[in-house]
1. In terms of modelled amide H atoms, which long-range or inter-chain residues lie less than 5 Å from the amide H of Ile20?
2. Consider the candidate values [x] 16.8; [y] 11.7; [z] 8.8; state which one is mean projected area of the Cα convex hull in nm² computed from the structure displayed.
3. Could you give the dipole magnitude of the stretch 65-164 about its Cα centre, charging the beta-carbon of Lys and Arg +1 and that of Asp and Glu -1, in debye to the nearest 20?
4. For the pair Lys104/Glu40, report the inter-label distance in nm, with labels modelled 7 Å from Cα in the Cβ direction.
5. Can you list the HN-Hα couplings for the stretch 11-27, worked out from phi with the Karplus curve (6.51, -1.76, 1.60; θ = phi - 60°), rounded to whole Hz and with x for Gly and Pro?
6. Among the listed pairs Lys21/Lys67; Lys49/Lys130; Lys38/Lys135, which have their C-alpha atoms separated by more than 30 angstrom in this model?
7. Would you list the membrane-span-like helices of the chain, meaning whole DSSP H runs whose alpha-carbon atoms span at least 24 Å along their axis and whose mean Kyte-Doolittle value is at least -1.0?
8. Give the residue list of GluC sites (Glu not before Pro) in the stretch 31-125 that are DSSP loop and have at most 13 other beta-carbon atoms within 10 angstrom.
Amino acid sequence: MNLLEIISNYNLTVVNGTGIKATTRPTNSDVEIIKANKQEIIDIITATKIAREQRDMKINAISGLKKIQDATEEWDRYYYNREIRANDESTSSICIAHPESDIKNLKIEYPRAAAYLLAEDYSFSSDYEKSMIGKTTLEKIINGEDYNTVIAEMESQWAEYCNGNMWN
């Protein structure tokens, strides 16, 4: 087992910058590996944390992303509450007010955020190939590549895959 697998299997974390903590108890042989490679494990965990923080900062810097996500959540809540109200005989038949936000116009106003969300949708697909195409596209958008180009590539790759595997 390599160090990345050990870190993952035991959910190792750095404590106070110099210690290592495991969520699950390592085997005796893995304890010896952890002790022998303590500093390297700390360096890997620290580098991974820094990379994750940098990635999160890039995502948070996508203009309009939070606005579109908030508007989507607002509409989801509205539809959920409307459905509950329609099926609940104890409530009155008075309709609840729909949200003021306009997701379609927000996506037009913030096209990079819209591209990010489309790639994210692909990445959540239950189809393995579609999910991988989406994840690759998502990373490209996060890292600043032209969103129009990468979305066109994503849709082309998916169409090509579907055409080639239509009868499988």
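1. Those lying under 5 Å, H to H, from Ile20 are Val15.
2. Among [x] 16.8; [y] 11.7; [z] 8.8, the one calculated here is [x].
3. On the way: 11 positive and 20 negative charges, 35 e Å.
Dipole magnitude for the stretch 65-164 comes out near 160 debye.
4. 5.7 nm
5. 6, 6, 10, 8, 10, 6, x, 10, x, 10, 10, 10, 6, 10, 6, x, 5
6. On the way: Lys21/Lys67 38 Å; Lys49/Lys130 28 Å; Lys38/Lys135 32 Å.
Result: Lys21/Lys67; Lys38/Lys135 exceed 30 Å.
7. Working: long enough: 38-60 (33 Å, -0.61); 65-87 (33 Å, -1.67); 147-164 (25 Å, -0.54).
Those that clear 24 Å and a mean of -1.0 are 38-60, 147-164.
8. Numbers: sites: Glu32, Glu40, Glu53, Glu73, Glu74, Glu83, Glu89, Glu100, Glu109, Glu120; in loops: Glu89, Glu100.
For GluC sites (Glu not before Pro) across the stretch 31-125 that sit outside H, G, I, E and B with at most 13 neighbouring Cβ atoms in 10 Å, the list reads Glu89, Glu100.
Read the figures in this text as sums done on the coordinates, not as results from a lab. A quick note: this is a predicted structure, and the numbers were derived from the prediction, not measured. Glycine also receives a Cβ, built like all others from the backbone with ideal geometry; neighbour counts cover every protein chain displayed.
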